[in-house]
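Please read the structure below before turning to the comments.
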Amino acid sequence: MNIHSIEGRASDAGIVLDNLKGKTIRGGFLAICSQPVKFLFRTVSLVLLARILVPEEFGLVGMVTAVTGVIGMFKDAGLSAITVQRPVITDEQVSTLFWINMAVGAILVGLSISLAPVLVSFYREPRLFWVTVALGSGFIFNAAATQHQALLRRHMRYAELVGIDVISLLVSVAVGIAMAVGGFGYWSLVGMQVVLPVANAVFVWVAFPWIPGLPRRNIGIRSMLNFGGTVTLNSLVIYLAYSADKILLGRYWGPAALGTYGRSFQLFNMPIDQLNGANDWVAFPVLSRLQGDPDRFRKYFLKGYSLVLALTIPFVIGCAVFAEEMIIVLLGPKWKDAAAILRLLTPTGLAFALINPFGPLLMARGQVGRSLKMALVIAPVLITGYVAGLRYGPEGVALGSSAGMTLLIVPMIAWAKHGTSISTRDIFRSLRQPFLSGVVAAVATLLFKYYFGPTWSPYASLLVGGSVLIVSYLWLLLYIMGQKDMYLDLLREIKKRS
């Protein structure tokens, strides 16, 4: 399959600005619909594995993934973003990028193998050697899928992308659960993580059967590598900032403390990360095509931003109010110490919702340098918070994380929107309705828990209390705050485009 022919068919199919609204709504609808499915799979795996395995086993794998995750920041060298962002790209350029990705993947596999004995020595845990080697093998499969997946995103083939994400996740979760039931212990977690990139690579090649040609020189790759290098460095800095907490806890408090903290972080971050990921997935290619139209660029961004906030706020409130119930229902009584950590992490989730949507905005505008500078400010603030709270264990680290992220909200938003058509008033308007609705709904939910929670079981309290939160929030947002028409228009557009 040749990229030029695909570009032609994409143009014939209407990937032009006049049809952008339809593709954006359809892509957003598919992305949002896929999130509950993926959340269900991840939650089922989390619940079942938490009941089969012990915190130490999660902590063992967490010790490795905190480090291999850093290496993984280089897995696509930022070259998938340039394939999506460039207005025009040739078959020769993408083929060359593919082989660069493969070379990087092979290097990362070798680096993981060489780091295995270092991790054994650092953590004083011999079981980590083969875990590191096994997890490192996934980088070559990530490399093989990078450009195919980027081409699918470039042409907004959202149905295939959603299907690949969901099926790959289902396969990996099934393997992990089967291995855990079979008595493989922490190796079930390793198997689940290795199978995911393998399945993803197979499915994207089937969905987009493009065969790369030989690499070429003097075809404009240098500027692409500069862009990709900046993107990769930015991702690396952010990942280090978000992973330093786990590295520090593993080193100074051991695998059990890390396992407890890691499950709390995963439980709170999983839906938020999926929601932000869905927004990035749709927003980046759309905003990239609107670089020359500031008014439409502003409108598309603000609608997506408002939707992300509206969906995140009730979940954050639920984690804060029902932390104990969520831990007992989803993870089991042996994880009860995770409840305090979950509650202390909730401000971090709100900060993610406020700051992260500006990532695709900067990428689409080609302002990766500014994004990197912002990351270099975020990282030391967060790490300082982790270190300050480390002496108090996982709870102290969670509090340090939330304090650091809260301090960063206003300056990061102001910096990100500077020079764009988006004003402070726009941000305030996008935030006002969901925030005020969330505050009132939180009060109603707290009153419910105060009067009824102590006498009800965790399951009943979570079910009924969660319903009170959702119903009151939606009623306030849609009717009192006057957002009903906006969401009805969105639903009508989804129905029309379907």
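The values are calculated or read from the model by the stated rules, or taken from the named source; none is laboratory data. Model, not experiment: these values are computed from the prediction. Counting neighbours? That spans all protein chains shown, and the Cβs are built from the backbone with ideal geometry, glycine included.
Of the helices (runs of 4 or more DSSP H) lying entirely inside the range 114-220, those containing at least 2 residues that are modelled with pLDDT under 90 and charged (D, E, K, R) span 138-154, 158-181. The helices (runs of 4 or more DSSP H) found wholly in the range 336-432 and carrying at least 3 residues that are of a type outside the set (S, T, N, Q), in contact (Cβ under 8 Å) with a residue 40 or more places away in the chain and closer than 21 Å to A244 by Cα occupy 338-355, 368-390, 393-417.
Is it fair to say A180 is without any contact (Cβ under 8 Å) to a residue 24 or more places away in the chain and not assigned by TED's automatic domain parsing to the domain that holds Q274? No; evaluated as a whole, the condition is false for this residue. Within the range 291-330, the set of residues being farther than 30 Å from V47 by Cα and surrounded by fewer than 20 Cβ atoms within 10 Å (Cβ to Cβ) comprises Q291, G292, D293, P294, D295, R296, R298, K299, L302, K303. Among the residues of the range 154-211, the ones that are over 29 Å from V54 (Cβ atoms) and either of a type in the set (A, V, I, L, M) or in contact with a Phe, Trp or Tyr (Cβ under 7 Å, 6 or more places away or on another chain) (or both) come to 13 in all.
Within the range 301-321, if we keep just the residues that are aromatic (F, W, Y) and out of contact with any Ser or Thr (no Cβ under 7 Å at 6 or more places or on another chain), the residue that is modelled with the lowest pLDDT turns out to be F301. Just one residue in the set V131, V171 is surrounded by fewer than 22 Cβ atoms within 10 Å (Cβ to Cβ) and among the β-branched types (V, I, T); that residue is V171. Only residues that are charged (D, E, K, R) and either under 17 Å from L382 (Cβ atoms) or buried (at least 18 other Cβ atoms within 10 Å of the Cβ) (or both) were counted in the range 393-438, giving 3.
The rows are residues; the columns are (1) more than 24 Å from A283 (Cβ to Cβ); (2) at pLDDT below 70; (3) within 22 Å of the chain's Cα centre (by Cα); (4) of a type in the set (D, E, K, R).
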site	(1), (2), (3), (4)
G22	no, yes, no, no
R26	no, yes, yes, yes
A31	no, yes, yes, no
Q35	no, yes, yes, no
E57	yes, no, no, yes
G72	no, no, yes, no
T90	yes, no, no, no
T96	yes, no, no, no
